[in-house]
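Q: Have a look at the structure that comes next, please.
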Amino acid sequence: MEDIRQNRLPPPQPPAAEDIPPYFRCPISMEVMHDPVTISTGVSFERANIEKWFFTYNKKTCPATMQIIVNFDITPNYTLKRLILSWKMNESCSFASSSSPRPPSVEYDDVVALLKNIELSPFKASSLKKLRLLMAIDDVAAVRAKTIFVQANGFEVLVGLVTQVAICESSNFANFEACEEALGVLSQFPFSKTEKLFELLSKLEAIKSMVIVLQRGSIEGRFYAMEILQQISKKGYDYNSLSKHHAIDLFKSILELASDEIIKKASTIKTTDSSITTQCRYGTLFSSALELLIEIMESSKKCRLLLIEAGAICIMIDLLPDSNRSKCEKILHVLKLLSDCAEGRLAMAEHIMGIATVTKKMSTSNTATKIGVKILWLICNYHPSERVLEEMMGCGTVKKLVGILNGDGRSSSTKEKAMKIMKLHGSFWRRFPCFPYEFRDYFKLIN
């Protein structure tokens, strides 16, 4: 017996430190990442570590490159996360190889059993979570699970759960949680390759359910709903097919995420780490909401009018002053698309802070300058009331436009629009005693 004990093989050991791929480690903790995110320098970190670095320690540099950070947006690195999960699975399979004849595989009956349990059991969320985790990584097992899921009519089963929230408006918490989990599973299928899913989720009841999730769901549920709505938009969903009531309901729910962003910013002063993490996730969700609004408006002029009616101009102007570069450019893009409509230009001109706020944020970047000048050109060309022109003089818009004409590094189209604005209204502005004396001769040259 003593010889047997001495000759017994040692248990499988975890991978040695040198066997871990270096890009799987967080540069801050040097541990394998569980929730990798990427910052503006292109470096990936563990979410909790980089959020603590930025929002608890108030650091303004990248921990890896020591570059000064201006844009504090944090983007989930799903590709790296899948690679890490796949690597972990392969490592766990190799640990167990001494006692297991082969790594576990996904069988047809496993997926079918989960779907059946989802259909029949009142406790659907746990089975949906298992199904979502089964498809969470892009390895052979996940691909097989997705294939079986489609063959077993999984789309129909899960979309049926999603639509129940809209059909039964008084649905209980369990049904609402099941809807969110179902959206989490469905969001893992690319719509570009799945015509059936696009067809099912484009139906009115499915859209209404996702609107409800955007309004009342958890952060994760809102992420899933927003991701699916973005995929639907890119696939070519016709938002004009929605009735005015349903379209405005959708747009208001997206705009409410912007209002939430203001609330979350106000609540992050001296809060816990978990609160900061929540706020950061809301920030990412808000960026997705802006991108969705841009996609919708670029595909439909009718939707621009409905967004104006839903209060988009006021919300975007309120958000603009505190926005970073990335969000500033997106908000200005939204305002520019809204200003393409007569109603949008009028709303911009009548807003007490509209022109002043756009003028101030034009200095954020060359892109912001370009979009800002387009907005000012639309207002000056179509709504050049005396009040508007006096406001432009008073808030520094005129000085900013002259600076664009004198400066370098601006595109020719931006300078051309600035020149057109000056030719239209230069004689009016030159009469003001507060007009900078050194620019008077410049006006004589261009008129």
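The values are calculated or read from the model by the stated rules, or taken from the named source; none is laboratory data. If you're wondering where the values come from, they're calculated on a predicted model, not measured in any experiment. A quick note on method: Cβ atoms are made from the backbone with ideal geometry, for glycine too, and the neighbour counts reach across all protein chains shown. Keep in mind that these areas ignore ligands, DNA and RNA; they rest on the heavy atoms of the full protein, side chains included. Shrake-Rupley method; radii C 1.70, N 1.55, O 1.52, S 1.80 Å.
Q: Of the residues in the range 40-80, how many are in a helix (DSSP H, G or I) and open to solvent by 40 Å² or more (accessible area, probe 1.4 Å)?
A: Summing the residues that are in a helix (DSSP H, G or I) and open to solvent by 40 Å² or more (accessible area, probe 1.4 Å) in the range 40-80 gives 8.
Q: Just one of (1) surrounded by 20 or more Cβ atoms within 10 Å (Cβ to Cβ); (2) in contact with a Gly (Cβ under 7 Å, 6 or more places away or on another chain) trips up Arg132, so point out which.
A: Arg132 satisfies all of (1) surrounded by 20 or more Cβ atoms within 10 Å (Cβ to Cβ); (2) in contact with a Gly (Cβ under 7 Å, 6 or more places away or on another chain) except (1).
Q: Let me confirm something: among Leu290, Leu319, Leu337, which residue is assigned to a helix (DSSP H, G or I), touching a residue at least 60 places away in the same chain (Cβ under 8 Å) and within 20 Å of the chain's Cα centre (by Cα)?
A: Leu319
Q: A further question on this structure: Taking Ser259, is it among the polar types (S, T, N, Q), open to solvent by 40 Å² or more (accessible area, probe 1.4 Å) and modelled with pLDDT of 55 or more? Before you say what the answer is, go through the steps one by one.
A: Values: among the polar types (S, T, N, Q): yes; open to solvent by 40 Å² or more (accessible area, probe 1.4 Å): yes; modelled with pLDDT of 55 or more: yes.
Yes.
Q: Something else: If only one of Leu346, Leu332 is closer than 21 Å to Cys303 by Cβ and open to solvent by less than 40 Å² (accessible area, probe 1.4 Å), which one is it? Spell out how you get there, then give the answer.
A: Details: Leu346 fails: open to solvent by less than 40 Å² (accessible area, probe 1.4 Å).
Of the residues listed, the single one that is closer than 21 Å to Cys303 by Cβ and open to solvent by less than 40 Å² (accessible area, probe 1.4 Å) is Leu332.
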